[in-house]
Amino acid sequence: MALLDHRKPDAWSYSQIYQFTHQCQHITTAVRPPMPAASAPAPMNQAINGNYIGEANRQLTRLSKAIGQDEVTREKLLHALEFSGGEWCHNVIPQKLDISAWVSDVSNDHSPFEYSLALSQQTGASELRFLVEAQPEENSLAALQERTSRLTDDIAKEYGPTKVSLDRLNLVRDLFLPSDAEGRLASWHSFATSNTLEKWKIYLNPLASGRQNAFKVTREALERLGLVNSWKLLESTMTGDDYPIYFSLGLSPNPEDAEVKVYVAHRCASATQIARKHVKMDPNSSVHAIELFYSIMAGGSLGPYSGKPGLSCFHFKNKDPSRPAARTVLYPIDSYAANDAEARERIEMYMDAISAPQLYRERYKNAISAVQRRPLEAGRGIHSWVSMKEKLDGTRSNTFYLSAELYGCLVDDGASNGGR
């Protein structure tokens, strides 16, 4: 996700963080399932000499094994990866990013794919996903639209109507893929697996007709999808510094259960301001839990975050459009931590604050070892975003968005060109 550059916020003292985190010990955990076998650490300073699909397959296989997925689940994941890669994914990865060609914003270092691991705070149950952008044959947004739209249609044909439906996408396609589109995003595709599910989603750009039209596009899309009440609720929470930045559709054939997700960027907002928006969306939201998450991920700051903004994601479903089925807050940790070792330290502090089960801790640790090819202290960028999701039943999970780092870690001048 391409967003803004950052400036590090003022920090709380450690004693303040410690006191704040230990006010959250009421969160309970369930009986811990057996831990997966630990994966071997990834080789350090590993050179990339192969093609895109080979490297993605290697990292995703390691990730799947690291969190204990069975072979059947892993094969579903790898098949989806191979299928969505297409011909471009067999190109050799250049040693240096070629900025004369199309530069993808799907991940923070412009790799055309990104991984994410969701972990239940209660049990450590996991869900593994990849996000991919089909690459255009020419350096133009029109060529990107054509290529990504072709992948959308191919996914529907490959998986069939019992698993994938484009009916709802077709209702709003013209809003997000106009002929005179702006920006660098046409559509991204994600595939998620766990031991109980597999699902495709598509991510679209509300800014495609200009930022000034982003609210209008989002409203029209939700209305066409039968989510008028969802728009009214969303509109009532947004202020002048907010804007919709991503629009996601689940491609499930069940229209009552498939999610519509609206991602909202909060420019220069504090953790408390963001938390209050969630309370307005759902009175059962906890300001404290959101402040806790943001403050620890920000190294002790409640903001305001004046650089790369925090995001909210509101999940809507047609079976009850009057309230979000889930809410997520996302923090761009790649832009507010000196390196990945510091990011890991903050995440481990958060684990302590929420009394995360051992399975959660082990899966996170193994996932980082599975993707890294350098010491965490050597730079920043493996950790891209960290999120906290809360469902209507009060259960929470965290998702860790991990960069493939095909072109190395992020530079140290404060510039961060993307991430999710």
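The values are calculated or read from the model by the stated rules, or taken from the named source; none is laboratory data. Bear in mind the structure is a predicted one, so any value in this text is a computation, not a measurement. Every residue, glycine as well, gets a Cβ built from its backbone with ideal geometry; the counts of neighbours run over all protein chains shown. The protein model used for the area step is the full one, side chains on, heavy atoms only, and it has no ligands, DNA or RNA in it. Shrake-Rupley method; radii C 1.70, N 1.55, O 1.52, S 1.80 Å.
Brief remarks follow.
- Most mobile of Arg74, Arg224, Arg276 in a GNM of the chain (Cα contacts under 10 Å): Arg224
- GNM top mover of Leu234, Leu97, Leu311 - the chain, alpha-carbon springs below 10 Å: Leu97
- DSSP-loop GluC sites (Glu not before Pro) across region 145-216, with at most 14 other Cβ within 10 angstrom: Glu182
- Reciprocal mean inverse distance between Cα atoms of the chain - Kirkwood radius, Å: 21.5
- Backbone geometry of region 58-70 corresponds, through the Karplus equation with coefficients 6.51, -1.76 and 1.60 at θ = phi - 60°, to 3J(HN,Hα) couplings of 5, 5, 5, 4, 4, 4, 4, 5, 5, 9, x, 5, 6 Hz, x marking Gly and Pro.
- The charge dipole of the chain, taken about its Cα centre with unit charges on the Cβ atoms of Lys, Arg (+1), Asp and Glu (-1) only, comes to about 900 debye.
- Rounded to the nearest 20 debye, the dipole magnitude of region 53-147 is 400 debye, with +1 charges on Lys and Arg beta carbons, -1 on Asp and Glu beta carbons, and the Cα centre as origin.
- The residue list Leu204, Gln273, Leu392 was ranked by how far each Cα lies along the charge dipole of the chain toward its positive end, using unit charges on Cβ atoms, and Leu392 comes out on top.
- Links that overshoot a 21 Å alpha carbon limit, given the list Lys163/Lys317; Lys65/Lys389; Lys201/Lys317; Lys199/Lys261; Lys201/Lys277; Lys199/Lys277: Lys65/Lys389; Lys201/Lys277; Lys199/Lys277
- Whole-number accessible area per residue in Å² for the chain, which is evaluated in the context of all protein chains at 1.4 Å: 39
- Zone residues, region 112-147, relative to Glu87, backbone N less than 19 Å from point 7 Å out along Cα-to-Cβ: 133-147
- Size estimate for region 198-323 follows the Kirkwood approach: the inverse of mean 1/r over distinct Cα pairs works out to 15.3 Å.
- Whole-angstrom Cα spans of region 116-160 along principal axes, big to small: 46, 27, 10
- Förster radius 35 Å - calculated FRET efficiency between Leu97 and Val228 (Cβ-Cβ, nearest 0.05): 0.20
- Within the listed set Thr239, Thr148, Thr272, the Gaussian network model of the chain (springs between alpha-carbon atoms below 10 Å) gives the highest mean-square fluctuation for Thr239.
- Sequence-separation-based contact order of region 52-403, relative, with Cα cut under 8 Å and 6+ spacing, percent: 18
- The apolar share of the surface of region 52-403, taken as the fraction of accessible area on carbon and sulfur atoms (1.4 Å probe, ligands and nucleic acids excluded), comes to 48 percent.
- Sites Glu256 and Ala378 - FRET efficiency at Förster radius 56 Å, r taken between beta-carbons, to 0.05: 0.70
- Extent of region 45-113 along its three principal axes (Cα atoms, max minus min coordinate, largest first): 41, 28, 21 Å.
- Simple spin-label estimate for Glu345 and Asp320 in nanometres, 7 Å along Cα-Cβ: 4.2
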